[in-house]
1. Might you check whether a residue that is in a helix (DSSP H, G or I), free of Cβ contacts under 8 Å to residues at least 12 places away in the same chain and either open to solvent by less than 50 Å² (accessible area, probe 1.4 Å) or within 14 Å of chain A (Cβ to nearest Cβ) (or both) occurs anywhere in the stretch B:326-346?
2. Name every residue in the stretch A:11-40 that is within 11 Å of chain B (Cβ to nearest Cβ), open to solvent by 40 Å² or more (accessible area, probe 1.4 Å) and either outside any helix (DSSP H, G or I) or over 19 Å from B:Thr351 (Cβ atoms) (or both), in order of residue number.
3. Scan the stretch B:303-317 for residues that are under 20 Å from B:Asn89 (Cα atoms) and either at pLDDT below 95 or of a type in the set (A, V, I, L, M, F, W, C) (or both) and report the count.
4. So, in the stretch B:363-398, how many residues would count as being modelled with pLDDT of 95 or more, out of contact with any Phe, Trp or Tyr (no Cβ under 7 Å at 6 or more places or on another chain), open to solvent by 20 Å² or more (accessible area, probe 1.4 Å) and more than 9 Å from chain A (Cβ to nearest Cβ)?
5. Tell me whether the stretch B:107-129 contains one or more residues that are of a type outside the set (A, V, I, L, M, F, W, C), within 11 Å of the ligand (Cβ to nearest atom) and in contact with a Ser or Thr (Cβ under 6 Å, 6 or more places away or on another chain).
6. Hey, any hits in the stretch B:300-321 for a residue that's surrounded by 21 or more Cβ atoms within 10 Å (Cβ to Cβ) and within 16 Å of the ligand (Cβ to nearest atom)?
7. If B:Ala38 satisfies every condition in (1) free of Cβ contacts under 8 Å to residues at least 60 places away in the same chain; (2) outside the structural domain of B:Val213 (by TED's automatic domain parsing); (3) aliphatic (A, V, I, L, M) but one, which is the exception?
8. Give the number of residues within the stretch A:41-58 that are away from chain B (no Cβ under 14 Å) and open to solvent by less than 40 Å² (accessible area, probe 1.4 Å).
Amino acid sequence: MTGALGNMDDLYEAIILDHYRSPRNTAPVEEADVDFEVNNPFCGDEFHIQLKVENDAVAKVGITGRGCAISQASASLLAELVEGKSSDEVHAAVSSIRRLLKGEEITDEEADVLGDIEALAGVRKFPVRIKCALLSWVGLDDALKAHQTG
Amino acid sequence: MSNPEFGSRVFDVDAIRADFPILQRKINGNDLVYLDNAATTQKPNQVIKSLVDYYEQTNANVHRGVHTLSIEATDGYELARTKVAKFINAPRPEEVIWTRNTSESLNLVAATWAEANVGEGDNIVITAMEHHSNIVPWQQLADKKGAELRYLPHNEEGLIELDSATGVIDYRTKIVAVTHMSNVLGTINPVAKLAERAHSVGAVILVDAAQSVPHMPVDVQALDADFLCFSAHKMLGPTGIGVLWGKYDLLEAMPPYMFGGDMILEVTYEDATWNDLPYKFEAGTPNIADAIATGAAVDYLTELGMDNVWQHEQELTDYAMEQILSLGSVRVLGPQNPALRGGVISFIHDTIHPHDLGTALDQQGIAIRTGHHCAMPLVRSFDVVAAARVSFYIYNTKSEVDAFVSGLCETEGYFSR
Ligand SMILES: Cc1ncc(COP(=O)(O)O)c(C=O)c1O
């Protein structure tokens, strides 16, 4: 897109808008093992994230809530990624995401794991929006750690 | 000095705009359209120059020297107090206390007057549309004292109906603390009538005037307020300085808020006696430069005339409401009738989240506020977690409203591609 809003294309890549409009895994999870809420009151983002964990792998994930396009798409991308992953793998992915958004290098292997999620990297040009992109990831990381330590 | 209501200068927006250097800035390649005035306003040359002049020509400490600079600094500092007193029609300049901002003024009253006068079983009444700064100090105090914090409700349109005060304000009410104009809904509250109610049960009334003093004529005597709080930065003045006005007898009877230099008359190794008003509440070296610059801001507004300021904002609000509502894609919070509200319009778009809208408008040079506006319970009561807000001031124009509306349409186009 050109015009005054052309610069926003880095932020709102097609894949981001797609996840924003049709977020994945929005069905609540019954008898969830990990169940938590994250919110960023300053922008008005709120998500309820639930996981079913079997043999230390995420068997099922459900994310409901509301937020801006970035936080919503990011949560949806997270839901897609974590299914089937062990908590160590999730932890590693969260670490790659954090570095990606900070503008640090990530390895090709990490990029492979992230797949579509790399589209979030455009947020780097809009530093105030980095929080939106990280919201659900940071929450998930903390919640999984808490679950592991019981 | 002229009457602050009427002014001595023609209200010419082009001439006003020429006084504000920041309006020349480009934001992301576009002319700045600044519509976040409820958060803080821009500063005219007259205020900026006052700060520079003070530091270049006058700087010295106040109330403690016999040398020329100290005398000039003291005179400037006290003259600014007098200007503020006149601006709000305070009977005595000693009733004007310099603080850091509205929040500090509110905390001061909670920590001194209310600390001494609110007891177990008493109640404190506020509205359901307060800024966090006029909620949290009262929650803390009520908790500490075993007092009850009560809320005056508003109707769906965001208006307080006086009938609802019956049964909320009662003989155990010690203080009614209300916003004069809501920073979210724009609602102007019936402060004078609430003052009557408060006084009829022996309570005092505190007015959070952060959004009213900058935008309309405010007369503390006509309102029969007991305390009134506002911030200079929302009325062309610098950040870091605000005002607490209070009735003389109330202030006189209150214990000090902070202790230190300037606020004492006499100190022995064992004890101290408090200085007279207003110094009892101004411990330590005050914010001299910013107080003097606040005087310059008051001069600027006085020259324009607060009736004209109000009139200008009413016209813009009227125009903007019509434009925004005609889009059909947004819901405006608060009264739809512009006569019942000030120049603050909060709204929710059907599909675009406020945060995305804020970023998209910023790309077009348009500054708006997004989020909870420091009024989380209120915003949540509309079943949303965030809203977008435009708010106007003396330098805004109808063509800026047009730019905002077309920016909004552009954003709708972007997100529906
Ligand atoms: C109604 C109202 N009260 C209080 C405040 C707090 O003002 P300050 O941040 O200057 O202390 C504001 C400013 O946002 C306000 O709009």
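The values are calculated or read from the model by the stated rules, or taken from the named source; none is laboratory data. The shown structure was predicted, so the numbers you read here are calculated from the model rather than taken from an experiment. Cβ placement follows ideal geometry from the backbone for every residue including glycine, while neighbour counts extend to all protein chains displayed. Heavy atoms of the whole protein, side chains included, go into the accessibility calculation; ligands, DNA and RNA do not. Shrake-Rupley method; radii C 1.70, N 1.55, O 1.52, S 1.80 Å.
1. Within the stretch B:326-346 (the criterion being in a helix (DSSP H, G or I), free of Cβ contacts under 8 Å to residues at least 12 places away in the same chain and either open to solvent by less than 50 Å² (accessible area, probe 1.4 Å) or within 14 Å of chain A (Cβ to nearest Cβ) (or both)), the answer is no, since none of the residues qualifies.
2. Taking the stretch A:11-40 first, the residues within 11 Å of chain B (Cβ to nearest Cβ) are A:11-12, A:14, A:16-17, A:20-21, A:39-40.
Of the ones still in play, those that are also open to solvent by 40 Å² or more (accessible area, probe 1.4 Å) are A:14, A:20-21, A:39.
Of everything in the stretch A:11-40, just one residue is within 11 Å of chain B (Cβ to nearest Cβ), open to solvent by 40 Å² or more (accessible area, probe 1.4 Å) and either outside any helix (DSSP H, G or I) or over 19 Å from B:Thr351 (Cβ atoms) (or both), namely A:Asn39.
3. Residues in the stretch B:303-317 being under 20 Å from B:Asn89 (Cα atoms) and either at pLDDT below 95 or of a type in the set (A, V, I, L, M, F, W, C) (or both): 4 in total.
4. Of the stretch B:363-398, the ones modelled with pLDDT of 95 or more are B:363-369, B:388-398.
Those still in the list that are out of contact with any Phe, Trp or Tyr (no Cβ under 7 Å at 6 or more places or on another chain) too: B:363-365, B:368-369, B:389, B:391-394, B:396-397.
Checking which are open to solvent by 20 Å² or more (accessible area, probe 1.4 Å) leaves us with B:364, B:368-369, B:397.
Still in the running and more than 9 Å from chain A (Cβ to nearest Cβ): B:368-369, B:397.
Matching residues across the stretch B:363-398 total 3.
5. Quick first cut of the stretch B:107-129, residues of a type outside the set (A, V, I, L, M, F, W, C) only: B:107, B:112, B:115, B:117, B:119-123, B:127.
This time we only want the ones that are within 11 Å of the ligand (Cβ to nearest atom), so: B:107, B:127.
Narrowing further to those that are in contact with a Ser or Thr (Cβ under 6 Å, 6 or more places away or on another chain): none.
Taking every residue of the stretch B:107-129 in turn, none turns out to be of a type outside the set (A, V, I, L, M, F, W, C), within 11 Å of the ligand (Cβ to nearest atom) and in contact with a Ser or Thr (Cβ under 6 Å, 6 or more places away or on another chain).
6. Within the stretch B:300-321 (the criterion being surrounded by 21 or more Cβ atoms within 10 Å (Cβ to Cβ) and within 16 Å of the ligand (Cβ to nearest atom)), the answer is yes, since at least one residue qualifies.
7. (1)
8. Kept after step one, since they are away from chain B (no Cβ under 14 Å), are these residues of the stretch A:41-58: A:49-58.
Among the residues that remain, those that are also open to solvent by less than 40 Å² (accessible area, probe 1.4 Å) are: A:49-51, A:53, A:57-58.
Count: 6.
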